[in-house]
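Colleague: Before we start, here is the structure in question, set down as structure tokens.
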Amino acid sequence: MKNKYTFLLIFLLFAWTAVIIYLSSRQGLLALPFLQKLNLFPQIADKGLANELEYIVRKSAHIIEYTILYLLVYLSSSRVLFRKGENRLAKSLLFSLIFCFIFAISDEWHQILVPSRDGRISDILIDTFGVFLGQILVLIGVLLKNFLFNKFSSKTSRT
């Protein structure tokens, strides 16, 4: 079962990086019309407001996609690269942080090569915010796991 779970994590990681690369290679990609077609967002008549909301939705998507990327890299690396040994958590956290940061830089570099797209340092910073959000989620998960494990294991050892 562990091997299937590890394979699934690695598959999801590669698939997610492919999705990010695919979206970065799309010319004229707009999020708001897509969300409106799915009835997830109302039609907006004011062009200025629509442009501002488009910007917010796109940058939020950057944060979400890099939070997910971080979680997948962390889970995969902790199962494959850092399964055993000292400082497993720290090594997985650091590896995931560096991997995602380099991926964000390479993604923006890739966008420079796509007609009508450009690479921006501000997007790297926004992506990195998503990475840090992913790291915070991992740390919260580790703390909760340790708290719950200690709480329930101490109850069972007393009885």
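Colleague: Examine segment 86-95 for a residue that is more than 17 Å from THR6 (Cβ to Cβ), over 18 Å from the mean Cα position of the chain (by Cα) and not in a helix (DSSP H, G or I), and state whether such a residue exists.
Modeller: Checked segment 86-95: at least one residue is more than 17 Å from THR6 (Cβ to Cβ), over 18 Å from the mean Cα position of the chain (by Cα) and not in a helix (DSSP H, G or I).
Yes/no matrix, rows are residues, columns are (1) within 18 Å of SER24 (Cα to Cα); (2) acidic (Asp, Glu):
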| site | (1), (2) |
| --- | --- |
| PHE41 | no, no |
| ASP46 | no, yes |
| GLU52 | no, yes |
| SER60 | yes, no |
| TYR70 | yes, no |
| ASN87 | no, no |
| SER92 | no, no |
| LEU97 | no, no |
| GLY119 | yes, no |
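Colleague: Still on this structure, I have one more. Scan (1) closer than 26 Å to PHE7 by Cβ; (2) of a type outside the set (Val, Ile, Thr); (3) assigned to a helix (DSSP H, G or I) for the single condition PHE82 breaks and write down its number.
Modeller: Of (1) closer than 26 Å to PHE7 by Cβ; (2) of a type outside the set (Val, Ile, Thr); (3) assigned to a helix (DSSP H, G or I), only one is false for PHE82: (3).
Colleague: For a quick check of your reading of the model, give me the residue pairs whose first member lies in segment 106-125 and is basic (Lys, Arg), whose second is part of a loop (DSSP other than H, G, I, E, B), with beta-carbon atoms closer than 7 Å and at least 6 apart or on different chains.
Modeller: Close Cβ pairs (under 7 Å, with a partner that is part of a loop (DSSP other than H, G, I, E, B)) amount to ARG117/GLN27.
Colleague: Related question: Find all pairs meeting these conditions: Cβ atoms under 8 angstrom apart; at least six residues apart or on different chains; first residue within segment 127-148 and without any contact (Cβ under 8 Å) to a residue 60 or more places away in the chain and over 30 Å from GLU108 (Cα atoms); second residue among the hydrophobic types (A, V, I, L, M, F, W, C) and part of a helix (DSSP H, G or I).
Modeller: Here the result reads VAL142/LEU89, each pair linking segment 127-148 to a residue that is among the hydrophobic types (A, V, I, L, M, F, W, C) and part of a helix (DSSP H, G or I).
Colleague: Out of everything in segment 62-98 that is of a type in the set (S, T, N, Q) and on the phi < 0 side of the Ramachandran plot, what residue ends up being surrounded by the fewest Cβ atoms within 10 Å (Cβ to Cβ)?
Modeller: Kept after step one, since they are of a type in the set (S, T, N, Q), are these residues of segment 62-98: 67, 76-78, 87, 92, 96.
With on the phi < 0 side of the Ramachandran plot added as a condition, the list becomes 67, 76-78, 92, 96.
Working: THR67: 21, SER76: 22, SER77: 22, SER78: 19, SER92: 22, SER96: 26.
Ranking the qualifying residues of segment 62-98, first place goes to SER78.
Colleague: Would you check if ALA104 is closer than 17 Å to GLN135 by Cα, surrounded by 17 or more Cβ atoms within 10 Å (Cβ to Cβ) and in contact with a Ser or Thr (Cβ under 9 Å, 6 or more places away or on another chain)? Can you show your working first?
Modeller: Working: closer than 17 Å to GLN135 by Cα: yes; surrounded by 17 or more Cβ atoms within 10 Å (Cβ to Cβ): yes; in contact with a Ser or Thr (Cβ under 9 Å, 6 or more places away or on another chain): yes.
It is true that ALA104 is closer than 17 Å to GLN135 by Cα, surrounded by 17 or more Cβ atoms within 10 Å (Cβ to Cβ) and in contact with a Ser or Thr (Cβ under 9 Å, 6 or more places away or on another chain).
This table checks each residue for (1) aromatic (Phe, Trp, Tyr); (2) closer than 23 Å to LEU81 by Cα; (3) free of Cβ contacts under 8 Å to residues at least 12 places away in the same chain; (4) surrounded by 15 or more Cβ atoms within 10 Å (Cβ to Cβ).
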residue	(1), (2), (3), (4)
ASN3	no, yes, yes, no
LEU13	no, yes, no, yes
TRP16	yes, yes, no, yes
SER24	no, no, no, yes
LEU30	no, no, no, no
PRO33	no, no, yes, no
GLU52	no, no, yes, no
LYS59	no, no, no, yes
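Colleague: Does segment 81-99 contain at least one residue that is in contact (Cβ under 8 Å) with a residue 60 or more places away in the chain and of a type outside the set (Gly, Ala, Ser)?
Modeller: Residues of segment 81-99 in contact (Cβ under 8 Å) with a residue 60 or more places away in the chain: none.
Among the residues of segment 81-99, not one is in contact (Cβ under 8 Å) with a residue 60 or more places away in the chain and of a type outside the set (Gly, Ala, Ser), which makes the answer no.
Colleague: Oh, and also: Of everything in segment 61-80, what is without any contact (Cβ under 8 Å) to a residue 40 or more places away in the chain and over 14 Å from the mean Cα position of the chain (by Cα)? Give them in sequence order.
Modeller: Going residue by residue through segment 61-80, those that are without any contact (Cβ under 8 Å) to a residue 40 or more places away in the chain are 61, 77-78.
The answer is SER77, SER78.
Colleague: Quick check on my filter: what residues within segment 73-120 are touching a helix residue (DSSP H, G or I) at 6+ places or on another chain (Cβ under 8 Å), closer than 22 Å to VAL19 by Cα and aliphatic (A, V, I, L, M)?
Modeller: Matches in segment 73-120: VAL73, LEU75, LEU97, ALA104, ILE105, VAL114.
Every number in this text was worked out from the coordinates using simple rules, so none of it is lab data. A quick note: this is a predicted structure, and the numbers were derived from the prediction, not measured. We place every Cβ from the backbone using ideal geometry, glycine too, and count neighbours over all the protein chains shown.
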